[in-house]
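The values are calculated or read from the model by the stated rules, or taken from the named source; none is laboratory data. As the structure is a computational prediction, the values presented were derived from the model and not from experiment. Cβ atoms come from the backbone with ideal geometry, glycine included; neighbour counts cover every protein chain shown.
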Amino acid sequence: MRGVRGELVLGAALALASATATAKPFWAFPDPVTPIARETLHVHNLFMAVIVTLFFAVLAIMLYSFWKHRKSQGHQAATFTQPNSRKQWAWVLAPFAGLLILDYGVFGVPAYHAVLSYEDTQNNAELVVKVTGSQWLWQYEYPKEGIKFASHLTTPRDQIDNKAPKGENYLLEVDNPLVLPVGKKVRVITTSNDVIHSWWVPAFGVKRDAVPGFLREFWVKVEQPGTYRGQCSELCGKEHGFMPVVVNVVSQAEYTAWVTKQKDAVAKDKELSNAVLSLDDLKARGEKIYATNCTACHQATGMGVPNVFPSLVGSKVITGPVEEHIKVVLNGRPNTPMAAWSKQLSDADIAAVVTYERNSWGNKTGDAVQAAAVGKLRGDSR
Amino acid sequence: MSVATTTHPGGHEAHHPSGLLRWIQTTNHKDIAVMYLTFAVIMLLIAGAMILVVRAELFQPGLQIVQPEFFNQLITLHGLIMVFGFAMPAATGLANYMLPLMIGAPDMALPRLNNWGFWILPPAAVMLVLPFFLGLGGVGAGGIDTGWTIYAPLSMQSGWGMDFAIFSVHMLGVSSILASINVIVTVLNMRAPGMTFWKMPLFAHGFLYTAIILITIMPVLAGGVTMLLLDRHFGTNFYNAAGGGDPVLWQHIFWFMGHPEVYVLLLPIAGLVPHILSAFTRKPTYGYKAQVYSMWGIMFLSVIVWAHHMFTSGMSVGGQLYFMYSTMAISLPLAVLFFCWIATIWRGSLTFETPMLFAIGFIVLFGWGGLTGLVLADAAADPQYHNAYFLVAHFHYALYPTTVFGAMAGIYYWLPKWTGHMLDERLGQWHFWVALIGFNVTFIPQFLLGLAGMPRRIPDYPLMFADWNMVSTVGAFVLGASHLIFVWNVIKCVRGGKKAEARAWEGAEGLEWTVPSPAPYHTFETQPAVK
C-alpha cells in the first residue's frame, strides 16, 4: 500500500512535466531570449512540475490519513514500526529508488547539459564585452573597439522619494545602456572595482558575480532585438537597489553605426584632455559629473550624511592643496565606500569635478583644475 | 538502581540563592533552559520587529520609512539575530530542559559550563545590536550592514558596527561550542542504566549530531571572522585580491559554516517531531533506526555541499557538477525522514492538539522548503533563483517551519511538564492557524516575485513587483501578530490553568512523563532503569 504511492507520484509527475513543456505555467521565468535562458527555463519547468506534483501527492496522502485515522472516528492505532516481509521491504524501498532516478536521471541529465552549455563561453564568440561593477554603476568596455562608458541609473530622486509620479521603467532605466548586436555570440567578462556585484538580466538566463581582482565570464546570444532590463543582485552597499542593467539589442547595421558614433566620442574626449578650459566651463561640466557619480553619498548639497558619508563643505581636502584633492578622487580611500575613480572617469572629467567641488556650496578656492594636472598625478601611487 | 525516584525532600530546594542571583549563579539545567528559552523568544520578537519595518518599507515602491543604509542594517541584524539569537538558543533551551529528563540523568554533565555557555549570550547579543541603537541615536555609523553573509570586501567598508559584530560572532561561537560539548558528554555518559545507544530518544540523537556539526563548523567561522578583523585593522590581505588574497575565500569559509547551520537547526527538530507524532497518533515511531541512519547521512552530507551557495560566484564545471550532485544526494536521507514521519501518522489514532498541529505544519511546510531546495541545486538554473526572492522564499520555507514551528511544537508539547498546567488549547489553535496563514501569505508571493526577477536585499523595487510585495507585507504582519498570541498563551499557562498530570498527553511516551508535572527542581537523582 505505502509503496504504491511512490510509483504513482513519479508517473504523474513525469506526465505533468511533459504536459508543461508546451504550456506556460505560472512559475515561468520572464520570456527567454537566449539559448541558455531557454534551456534553463526548460529544466526549471521540469523540476517545478515534478516537485509541485510530489508535494500535493504527499499532502493528499497526509490529509487522507488525518481524515480517515482520527481518534474521534474511533480509529484504533496500528502498531507496525518497520517493514516485516520481503514484499513490504520492496514496497518501502521503491520510492527511494524512484527518487534516485529522479535526482540523477530526470533532473541530473538535463541539468548536466545545461551546466555545460552555460559554461561554453569561448567557442565561436564573435564579440567580447567587459563588464565592471562599481559602487553604484556598471561600466561597459569593448576592448577591441576601444569603447568604454559608464551606465548610471537615471530615475530622478523625486520619484524615489515619492515627490513625483513614478515612470514606467522606474529603477530600470539608465543613461548609457549596453548595446549588443542581435544573433551574435557575445563573451562577457566581469570584474569589479570595489566590492562584489552581480550582473543579471532574467530574460538572458544569466547571472554572474563581478569579483574585484578576478575575471569571471559568461556568454549571451540574444535572438530578438529589444530592450532588456535587470538589476544588480549581490548586496554591494547603500545603493545596491539602484544600479540597474539595461541592454539594447539591435540589428547588426544599427550596432555598427553605434560603434562608429562611440569611437567619435572617445576621440572628442581625448581632445578635451589636452584643452585648457575656463573656470565656468569646468564648473558646468563638473556639476553634471558630480550629479551622476557623487550625489549618492555626498548628496547634491555636498553635505554628505552625518557619521556615514563626509561633508565636502569646507572640508580639509577640498580647501587644501589641489594635488591631495585630485589624488583622493583618483585613488579613493581604501576600506571605505570612497571609490578610486581613476578607471571610471577621464582626466577631463576628474579635473571638472574637482573644480566644481572646490568652487561650490560656499567653497571658494578659485582653482580651475585642468586635465593635464590630473594626468600628471594619474598612476602616482601613494 | 532499579527504582525511579521522582519525589524530593522539600529542604533540598532551599540551597540555591533567590532573586537575581539564582539566575546568575544557577547550574540547574531547568533554570538555564528557562533562561535560554526566554532569551530566544525576546530575540525572536526583536528580529521579527526589525523585519516588519523592512516589510513596511517594501509595502509600496519608493522609499517611505527608512533610507537604504538603515534598511541594510535591518536585514543584516534580522538574519544574524534569528539564526544565532533565536533559533540556536531555542533549540539549546529545549535540549537543556529535556535531554536530562528524557535520558534519565539528574542534570547536564557539565553544569558550570552550562551556566557559562548561557551567560555569554546576552553580552554577545548586546554587542551585536549596540552599534545599531547607538546609530539610531546619532552615534557612529550604525550596526553591521552587509547582510548576514558578511561578504568581503563589502565587510571591509563598514564602520565599527562590523567590529562589534565580529566580536559578537566569536562569543556566540564559544557559547554554542560549550553547549555542544555539554550535550555530547551528557548524551554519551549520563544515560540511565539500560538505555543503550539504540534506545535513546530520537531527540537525543538529533541534538547529538547537531552538537557534532557545531563543533566542526563554528571554529571555521571564528577563523574566518578573525581573518576579516585582521584584514580590517592589521593590514593583512586574506580577502583582498590586490594583496594576493581572494574575496571568494570568505564565501567558502562562510558557507562551510552557513550550510551545515541549516542542519544544525533542523536535526533537533527532526528528532523532536517523532515524539510528538507518536504521542498524538498513539502509535510507536516508525523506522527508528532508519531515522538515525538518515541523521548520520545528513550530518555527513551537510559539510560537503557548501558551495552550492556560490554557483554565481564563478566555479569550474567540475565544481558545479560536484556540488549539484552532492546537494541532490541530501534529498535521500531527508526523504527517509519524511517517509518515517508519515508512516508514523498512517493508521494511527489521531488527535490534533496544538503541538501536533505545529508538528504537522512543520512537516508540510518544510517539505516544500526541501523540494524547492532540490530545484535550487540545479547549477544551471540556479542563477535565476540565486539572490532573488525565490531564494528568500525557499530558505524561509526551510528555516521558519523548522526553527519556529518546530520550536513552538516542542514548547507546547512540554509546557505542561514545565508549568504543571495544560495550555489554553483554543489560544494554541488560534496561534497555529494565524501563523500558518500569515506564513504562506508572506512567502508564496515571494516565490513569484523571485521568478519574475526581483533581487533580494533591495529597499525599493520596480513597479512590476508592487502587487505581490503588498500581499507579502500584509502576510508578514499577520505572522508577526500570531506570535503575540503565543506569548500570551505561555504567560497564561505559567500563571494557571487545568492541572497537568505526570503524563500530560494521553499517548506521550518517555522518561520525562514519569516525573510529576511540574517537574521538581531536581529530577532523577537516582537514575531510573530502562528495560
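Per-residue answers, yes or no, for (1) more than 30 Å from B:PHE71 (Cα to Cα); (2) within 13 Å of the chain's Cα centre (by Cα); (3) without any contact (Cβ under 8 Å) to a residue 12 or more places away in the chain:
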| position | (1), (2), (3) |
| --- | --- |
| A:LYS207 | no, yes, no |
| A:GLY226 | yes, no, no |
| A:VAL246 | no, yes, no |
| A:THR260 | yes, no, yes |
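Answer yes if at least one residue in region B:62-73 is under 22 Å from B:GLY161 (Cβ atoms), among the β-branched types (Val, Ile, Thr) and modelled with pLDDT of 95 or more, and no otherwise. Show your work before the answer.
Within region B:62-73, the first condition is being under 22 Å from B:GLY161 (Cβ atoms), and the residues that meet it are B:63, B:65-73.
Checking which are among the β-branched types (Val, Ile, Thr) leaves us with B:65-66.
Right, trim to modelled with pLDDT of 95 or more and you get none.
Among the residues of region B:62-73, not one is under 22 Å from B:GLY161 (Cβ atoms), among the β-branched types (Val, Ile, Thr) and modelled with pLDDT of 95 or more, which makes the answer no.
Checking the conditions here, which among B:LEU484, B:LEU463, B:LEU449 is in contact with a strand residue (DSSP E or B) (Cβ under 9 Å, 6 or more places away or on another chain) and either buried (at least 19 other Cβ atoms within 10 Å of the Cβ) or among the aliphatic types (A, V, I, L, M) (or both)?
Sole residue among the options that is in contact with a strand residue (DSSP E or B) (Cβ under 9 Å, 6 or more places away or on another chain) and either buried (at least 19 other Cβ atoms within 10 Å of the Cβ) or among the aliphatic types (A, V, I, L, M) (or both): B:LEU449.
Can you tell me which residue among B:VAL494, B:VAL490 is surrounded by fewer than 19 Cβ atoms within 10 Å (Cβ to Cβ), closer than 28 Å to B:PHE362 by Cβ and touching a helix residue (DSSP H, G or I) at 6+ places or on another chain (Cβ under 8 Å)?
Working: B:VAL490 fails: surrounded by fewer than 19 Cβ atoms within 10 Å (Cβ to Cβ).
Sole residue among the options that is surrounded by fewer than 19 Cβ atoms within 10 Å (Cβ to Cβ), closer than 28 Å to B:PHE362 by Cβ and touching a helix residue (DSSP H, G or I) at 6+ places or on another chain (Cβ under 8 Å): B:VAL494.
If a residue must be more than 7 Å from chain B (Cβ to nearest Cβ), part of a helix (DSSP H, G or I), among the charged types (D, E, K, R) and under 38 Å from the mean Cα position of the chain (by Cα), how many such residues does region A:64-120 contain?
Number satisfying all stated conditions: 0.
Go through (1) surrounded by fewer than 18 Cβ atoms within 10 Å (Cβ to Cβ); (2) among the β-branched types (Val, Ile, Thr); (3) farther than 23 Å from A:ASP194 by Cβ and name the single condition A:THR355 misses.
Among (1) surrounded by fewer than 18 Cβ atoms within 10 Å (Cβ to Cβ); (2) among the β-branched types (Val, Ile, Thr); (3) farther than 23 Å from A:ASP194 by Cβ, the lone unmet condition for A:THR355 is (1).
Would you point out which residue out of B:PRO459, B:PRO518 is within 14 Å of another protein chain (Cβ to nearest Cβ) and touching a Pro at 6+ places or on another chain (Cβ under 9 Å)?
Working: B:PRO518 fails: within 14 Å of another protein chain (Cβ to nearest Cβ).
That would be B:PRO459, the only listed residue that is within 14 Å of another protein chain (Cβ to nearest Cβ) and touching a Pro at 6+ places or on another chain (Cβ under 9 Å).
Check region B:270-289 and report whether any residue there is out of contact with any His (no Cβ under 6 Å at 6 or more places or on another chain), surrounded by fewer than 20 Cβ atoms within 10 Å (Cβ to Cβ) and more than 9 Å from chain A (Cβ to nearest Cβ).
No: region B:270-289 contains no residue that is out of contact with any His (no Cβ under 6 Å at 6 or more places or on another chain), surrounded by fewer than 20 Cβ atoms within 10 Å (Cβ to Cβ) and more than 9 Å from chain A (Cβ to nearest Cβ).
Among the helices (runs of 4 or more DSSP H) confined wholly to region B:49-119, which include 3 or more residues that are within 12 Å of chain A (Cβ to nearest Cβ) and crowded, with 24+ Cβ neighbours inside 10 Å?
B:68-80
Just for region B:323-367: of the residues that are among the small types (Gly, Ala, Ser) and more than 7 Å from every other protein chain (Cβ to nearest Cβ), which one is farthest from B:ARG426 (Cα to Cα)? Working first, answer last.
Narrowing region B:323-367 to residues among the small types (Gly, Ala, Ser): B:326, B:329, B:331, B:335, B:343, B:348-349, B:359, B:361, B:367.
Going one step further and asking which of them are more than 7 Å from every other protein chain (Cβ to nearest Cβ), we end up with B:326, B:329, B:359, B:361.
Details: B:SER326: 44, B:ALA329: 41, B:ALA359: 17, B:GLY361: 17 Å.
It comes out as B:SER326.
So which residues in region B:183-202 are under 23 Å from B:ALA290 (Cα atoms) and in a loop (DSSP other than H, G, I, E, B), if there are any at all? Write out each step before concluding.
Residues of region B:183-202 under 23 Å from B:ALA290 (Cα atoms): B:183-184, B:187-188, B:191, B:194-202.
Passing the criteria: B:ARG191, B:GLY194, B:MET195, B:THR196, B:MET200, B:PRO201.
Go through (1) surrounded by 24 or more Cβ atoms within 10 Å (Cβ to Cβ); (2) at the interface with chain A (Cβ under 7 Å from one of its Cβ atoms) and name the single condition B:VAL375 misses.
(1)
Hey, B:TYR325 hits all of (1) surrounded by fewer than 21 Cβ atoms within 10 Å (Cβ to Cβ); (2) of a type in the set (Ser, Thr, Tyr); (3) closer than 21 Å to B:TYR209 by Cβ but one; which does it fall short on?
Evaluating B:TYR325 over (1) surrounded by fewer than 21 Cβ atoms within 10 Å (Cβ to Cβ); (2) of a type in the set (Ser, Thr, Tyr); (3) closer than 21 Å to B:TYR209 by Cβ leaves (3) as the failure.
Here's the yes/no breakdown for (1) at pLDDT 95 or above; (2) more than 21 Å from B:MET156 (Cβ to Cβ); (3) surrounded by fewer than 24 Cβ atoms within 10 Å (Cβ to Cβ); (4) in the same structural domain as A:ARG333 (by TED's automatic domain parsing):
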residue	(1), (2), (3), (4)
A:PRO181	yes, yes, yes, no
A:ASN193	no, no, yes, no
A:ALA210	yes, no, no, no
A:PRO225	yes, yes, yes, no
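The conditions are (1) in contact with a Lys or Arg (Cβ under 8 Å, 6 or more places away or on another chain); (2) at the interface with chain B (Cβ under 8 Å from one of its Cβ atoms); (3) not β-branched (Val, Ile, Thr), and A:GLY183 fails exactly one of them. Which is it?
(2)
Are any residues in region B:360-414 touching a strand residue (DSSP E or B) at 6+ places or on another chain (Cβ under 8 Å) and aliphatic (A, V, I, L, M), and if so, which ones?
B:ALA388, the sole residue that qualifies.
Under 9 Å by Cβ, and 6 or more places apart or on different chains, what pairs join a residue from region A:308-336 that is surrounded by fewer than 16 Cβ atoms within 10 Å (Cβ to Cβ) with one that is among the small types (Gly, Ala, Ser)?
A:GLY314/A:GLY362; A:GLU323/A:ALA373; A:ARG333/A:ALA339; A:ARG333/A:ALA340; A:PRO334/A:ALA340
Conditions tested, residue by residue: (1) β-branched (Val, Ile, Thr); (2) crowded, with 22+ Cβ neighbours inside 10 Å; (3) closer than 16 Å to A:LEU127 by Cβ.
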residue: A:TRP219; (1), (2), (3): no, yes, yes
residue: A:GLN231; (1), (2), (3): no, yes, no
residue: A:GLY241; (1), (2), (3): no, yes, no
residue: A:SER251; (1), (2), (3): no, no, yes
residue: A:TRP258; (1), (2), (3): no, no, yes
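For region A:192-211, what are the residues that are at the interface with chain B (Cβ under 8 Å from one of its Cβ atoms) and either touching a Gly at 6+ places or on another chain (Cβ under 8 Å) or not aliphatic (A, V, I, L, M) (or both)?
Hits for region A:192-211 are A:ASP194, A:VAL195, A:ILE196, A:SER198, A:TRP200, A:PRO202, A:GLY205, A:LYS207, A:ARG208, A:ASP209, A:VAL211.
From B:LEU134, B:LEU130, B:LEU154, which residue is surrounded by fewer than 24 Cβ atoms within 10 Å (Cβ to Cβ), free of Cβ contacts under 8 Å to residues at least 12 places away in the same chain, within 27 Å of A:PRO306 (Cβ to Cβ) and of a type in the set (A, V, I, L, M)?
Going through B:LEU134, B:LEU130, B:LEU154 in turn, just one is surrounded by fewer than 24 Cβ atoms within 10 Å (Cβ to Cβ), free of Cβ contacts under 8 Å to residues at least 12 places away in the same chain, within 27 Å of A:PRO306 (Cβ to Cβ) and of a type in the set (A, V, I, L, M): B:LEU134.
Looking at region B:295-322, which of the residues that are part of a loop (DSSP other than H, G, I, E, B) and within 14 Å of chain A (Cβ to nearest Cβ) is surrounded by the fewest Cβ atoms within 10 Å (Cβ to Cβ)? Walk me through it before giving the result.
Keep residues of region B:295-322 that are part of a loop (DSSP other than H, G, I, E, B), which gives B:303-305, B:310, B:314-316.
If we keep only those that are within 14 Å of chain A (Cβ to nearest Cβ) too, we end up with B:305, B:310, B:314-316.
Details: B:VAL305: 21, B:MET310: 20, B:GLY314: 20, B:MET315: 19, B:SER316: 9.
Going through the qualifying residues, I end up with B:SER316.
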